[in-house]
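For reference, the structure discussed in these notes is given below.
The values are calculated or read from the model by the stated rules, or taken from the named source; none is laboratory data. None of the values given here were measured: they were computed from a predicted structure. Using ideal geometry, Cβ is built from the backbone for each residue, glycine included, and neighbour counts are taken over all protein chains shown.
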Amino acid sequence: MIYPVSEDTLLLKKQVEQQDLEGEKALEIGTGNGLIAETMLEKGAKVTASDINKKALDQLPNQIKTVQSDLFESIEDEFDLICFNPPYLPEDEDKEFDGSETWIGGKQGTELTEKFLEEAPNYLRPGGQAFIVVSSLAEDRGLKKDFDLEVVAKEKHWFETLYVMRLSIE
Ligand SMILES: C[S@@+](CC[C@H](N)C(=O)[O-])C[C@H]1O[C@@H](n2cnc3c(N)ncnc32)[C@H](O)[C@@H]1O
């Protein structure tokens, strides 16, 4: 299953649209439908898009470099901007669904996000930044207190509040 464009995608897209990416290098992890990577391209960036799901990569335009990768495992470059709208729901051991990799973020739901935040600084150029989407479901488990994150966008929905958080590198 390829994750469709959703409220979280659009919230992250608004942040990307506000960036001047002319001549910059940008990476989207977990590109899914590809809208964020395509927005980076429209903003002038040289874009790499990755996903654990190869099918998501096959549909992207030729100007976008694609890499099948589990988080940063097959990523070798450094970037000015990295975006990730991660799967963040907790695993349900009783149920298995087709496409669960698009929304299950580990046993607690936050493990994949935490691993991303630990590894992202190694792939950012000096002055670079990473944007991640965080749900109040994950934030309630203390994610923000464990990493130096700045909330740059917030949107309330009926069952959760969505945030875009920024991790910056000096
Ligand atoms: C919530 S969807 C986001 C899709 C799209 N970027 C968007 O904003 O609409 C999460 C994406 O992360 C991918 N994904 C899940 N686990 C991953 C991993 N370990 N490494 C890379 N991508 C992963 C999924 O296949 C899915 O495309």
Quiz prompt | Count of residues meeting criterion [in contact with a Lys or Arg (Cβ under 8 Å, 6 or more places away or on another chain) and crowded, with 18+ Cβ neighbours inside 10 Å] in the stretch 47-71 | solution = 4
Exercise. Return the pairs, sorted by first residue and then second, in which the second residue is near the ligand (Cβ under 9 Å from one of its atoms) and of a type in the set (A, V, I, L, M), the first residue lies in the stretch 1-21 and is over 17 Å from M165 (Cβ atoms), the beta carbons are less than 7 Å apart, and the residues are 6+ apart or on different chains.
Key: I2/A56; V5/L35
Exercise. Return the only residue of L112, L149 being under 13 Å from the mean Cα position of the chain (by Cα) and modelled with pLDDT of 85 or more.
Key: L112
Practice problem: List every residue pair whose Cβ atoms sit under 7 Å apart, with the two residues 6 or more apart in sequence or on different chains, where the first one lies in the stretch 68-89 and is on the phi < 0 side of the Ramachandran plot and among the aromatic types (F, W, Y) and the second, anywhere, is more than 10 Å from the ligand (Cβ to nearest atom) and part of a loop (DSSP other than H, G, I, E, B). | Solution: Y88/G109; Y88/T110
Quiz item: Across the stretch 1-12, what is the total count of residues that are assigned to a helix (DSSP H, G or I) and touching a Leu at 6+ places or on another chain (Cβ under 6 Å)?
Solution: 3
Practice problem: Determine, yes or no, whether A49 is more than 15 Å from Y123 (Cα to Cα), within 12 Å of the ligand (Cβ to nearest atom) and among the small types (G, A, S). | Solution: no
Self-check item: Complete set of residues in the stretch 73-87 that are surrounded by fewer than 22 Cβ atoms within 10 Å (Cβ to Cβ) and away from the ligand (no atom under 14 Å from the Cβ)
Solution: E76, D77, E78, D80
Quiz item: Are any residues in the stretch 16-61 assigned to a strand (DSSP E or B) and either among the hydroxyl-bearing types (S, T, Y) or touching a helix residue (DSSP H, G or I) at 6+ places or on another chain (Cβ under 8 Å) (or both), and if so, which ones?
Solution: A26, L27, E28, I29, V47, T48, A49, S50, D51
